[in-house]
1. Whole-Hz ³J(HN,Hα) for each residue in the stretch B:51-63, computed from phi via Karplus 6.51 cos²θ - 1.76 cosθ + 1.60 with θ = phi - 60°, x for glycine and proline: what do you get?
2. Which of the peptides A:218-225, B:195-202 is most tightly packed, and how do the rest follow, judged by the mean count of other Cβ atoms within 10 Å per residue?
3. Just need the relative contact order of chain B here, percent rounded to a whole number, with Cα pairs under 8 Å and 6+ apart.
4. Assuming R0 = 35 Å, what is the FRET efficiency of A:Lys198 and A:Glu244, from their Cβ-Cβ distance, to the nearest 0.05?
5. Would you mind putting A:183-192, A:57-66 in packing order, based on average other-beta-carbon counts within 10 Å, highest first?
6. By how many nm would the segment from B:Ala140 to B:Met116 grow when fully extended, if each residue of separation counts as 0.36 nm and the alpha-carbon distance is taken off?
7. Arrange the peptides B:255-262, B:336-343, A:226-233, B:90-97 so that the one whose residues have, on average, the most other Cβ atoms within 10 Å appears first.
8. Among A:Pro141, A:Gly123, A:Thr112, flag the residue with its Cα farthest along the positive direction of the charge dipole of the stretch A:101-147, charges on Cβ as +1 for Lys/Arg and -1 for Asp/Glu.
Amino acid sequence: MKPSNLPTSATIPNGPNSEDLLVLEGVHTYISQFHILQGVSMTIKRGAATVLLGRNGAGKTTTLKSIMGLTPPRQGTISYDGQPLVGKTTFEIARSGIGYVPEDRGIFREMTSEENLLLAARGETTAEYRRRLEFCLELFPDMGQFLRQKAGTLSGGQQQMVAISRGLMTDNKLLLIDEPSKGLAPIVVKAVIDTLVKLKEHVTILLVEQNFTMASTVGDYFYLIDDGHNITDGLMSQLIGDKELTRQYLGVTVK
Amino acid sequence: MKVAQRPNLYLALRNPRLLTLISVVVGLLLVLLYINTAIKFPVFVKFLINGLVESAVLFLMASGLSLIFGLMDVVNFAHGAVFTWGGIAFMWSFNLFTMPPATGKDSSSPVAWMQMGLEPLPATALALVVGLVTGGLLGAGVEFLAIRRLYGRPVFQILLTLGLVLVLDESLKIVFSLKSQNYDFLATPWPTGNFKPSSEILVNWKSVAIVVAGLLVFGGVYWLLNRTKVGLVIRGGVEDPQMVQALGYNVRVYFFGVFVLGSVLAALGGIAYSINSAGGSDQMGQFSLLTAFVVVVIGGLGSFSGAAVGALLVGIISPYVAYHFPGLADSFVMLLLVLVLLIRPQGLFGGKKY
């Protein structure tokens with residue numbers, strides 16, 4: 001079923017050179033009969049990290065899946081770099097330059113780490129693959145030790161390194177990262193935070209995160225959603241100052 | 001501080017898959033050695049050669065099934081019908097290609113142009129193409145029109161493919177205008193003749209060709225799955241199709257390709273079967289399908305190498321069992337299945353998805 005209000009290219013707000021890389025407008029997404037996203041709108045700025053916040057079940061993961069076309073929206077528009085995404089299939093969306101690091105990492109457990117990366121380097125030449133692998137190894141020096149190990153036998157932190165690296169194996173302009181801290185030891189979370197901060201210089205990031213330390217360290221902007229609706233958004237520094245908002249919607253107390 | 005290193009052999013032996021392989025090989029050797037003492041040497045070798053050819057035919061059938069059923073989890077009962085179609089299409093076109101050009105009344109037949117009076121070698125080569133293309137087209141049609149909508153729904157797959165078996169088996173008789181159940185070659189396909197490695201042993205060249213075909217298919221598919229990017233996409237697609245899509249691959253196209261490849265291999269199995277037994281029947285696929293299912297389960301679902309080991313096991317032991325215990329000839333395969341499943345419910349090489 002196609003939504004009747006698909007935009008024509010003339011109405012798309014973000015052109016290829018605009019400051020806004022990804023724009024969601026009034027996105028409604030259903031999972032079977034459940035109305036999960038009830039009109040979510042967001043603007044992701046090029047070259048910055050935006051954090052999507054909200055309680056469990058607020059619709060954060062569904063927002064990322066709607067962008068990827070894994071749970072296609074029934075209503076609303078999503079445009080990426082001037083191109084409409086609604087109505088495209090997942091593989092077309094990925095090919096337009098969006099990397100996806102899902103919740104629970106989505107690693108291919110039966111393959112080695114290296115095979116995971118090779119698979120992600122879709123259509124790249126061997127030289128280009130090597131160059132990108134080198135870049136990832138600079139980012140995660142430990143990864144060199146388990147490249148030939150079956151990914152299913154890796155620890156959560158190691159798998160997270162492979163999952164993020166996978167998003168860097170092609171020329172992605174935008175990375176969607178879903179709860180990278182989930183199930184990781186605090187010291188590993190800290191390492192992931194450091195990596196994401198470094199990564200911000202190379203790629204635009206849309207991060208879903210419950211861990212407030214990670215969210216506030218990595219994020220430049222934030223969007224807060226609840227029950228599939230936008231609550232508020234703005235600069236990360238404003239949110240850190242707003243004790244009432246963080247307590248009410250995130251259940252955290254900022255010291 | 002120095003730590004005493006365990007010998008590498010010890011570590012290697014702890015690998016369960018290697019251990020399985022070693023015990024299968026040792027067990028097979030022991031059985032064969034025992035049988036060797038019971039029958040004369042030339043008979044033993046003759047049975048071994050027959051067993052290898054049988055294994056190769058079985059493997060060709062089972063390899064396609066291993067891809068479609070083991071790897072992609074599609075229960076495809078129509079696989080046997082594709083086997084029959086491939087074999088009959090091969091024999092039918094071979095017969096036509098070797099016939100002298102039609103004259104008079106016959107020349108109005110729509111297939112009269114195929115009567116070229118070819119020698120066995122070119123006729124076999126052309127007929128091989130006809131048989132394989134028939135299998136590929138059938139597979140493509142079945143996937144595109146039916147299976148595509150039924151991935152992950154085994155009950156629907158069983159119902160649908162069982163129905164397809166009826167349709168394909170009956171339409172086979174119409175398309176190739178079969179007059180009886182059996183269908184024969186009018187000339188002998190290439191390779192003909194035989195050679196004698198010793199005075200008492202005779203080996204047919206066609207047996208050699210079939211075994212070589214089996215080895216080539218094994219090597220080719222193993223290479224495709226384990227050493228190429230296409231193989232990576234297929235293995236990834238089996239494990240997590242959504243994630244493969246999210247990496248920018250159109251998984252459907254790859255699954256379609258695997259299904260067609262599996263069907264081409266089924267047709268190749270039918271062709272090898274017809275060459276090996278110098279003829280075929282409109283039921284040959286149904287008989288082979290059951291054994292092939294058993295082979296795939298013995299080898300372990302999803303393990304391509306397992307299917308090869310299973311085919312060798314069944315193919316090589318069968319002739320000896322049939323010789324010593326004729327009453328067990330038909331039930332032996334099932335007994336072996338029960339035995340393997342009792343010891344290793346996941347199959348010999350199960351758990352590894354390629």
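1. Taking θ as phi minus 60°, the curve returns x, 5, 5, 4, 4, 5, 4, 4, 5, 4, 5, 6, 5 Hz for the stretch B:51-63.
2. Numbers: A:218-225: 22.8, B:195-202: 11.0.
Highest-to-lowest ranking by the protection proxy: A:218-225, B:195-202.
3. Details: 528 pairs, mean separation 113.1, N = 354.
Relative contact order, chain B: 32 percent.
4. Values: r = 33 Å, r/R0 = 0.94.
Working from the Cβ atoms, E equals 0.60.
5. Numbers: A:183-192: 15.3, A:57-66: 23.1.
Top of the packing list down: A:57-66, A:183-192.
6. Details: separation 24, 0.36 × 24 = 8.64 nm, distance 2.94 nm.
This chain segment gains 5.7 nm when fully extended.
7. Values: B:255-262: 21.5, B:336-343: 14.1, A:226-233: 16.5, B:90-97: 24.0.
Packing order, densest peptide first, comes out as B:90-97, B:255-262, A:226-233, B:336-343.
8. Of A:Pro141, A:Gly123, A:Thr112, it is A:Gly123.
Every read-out reported here was derived from the displayed coordinates using simple, explicitly stated rules and does not represent laboratory data. Because the structure is predicted, anything quoted here is derived from the model rather than measured. As a convention, Cβ positions derive from the backbone with ideal geometry for all residues, glycine included, and neighbour counts pool all protein chains shown.
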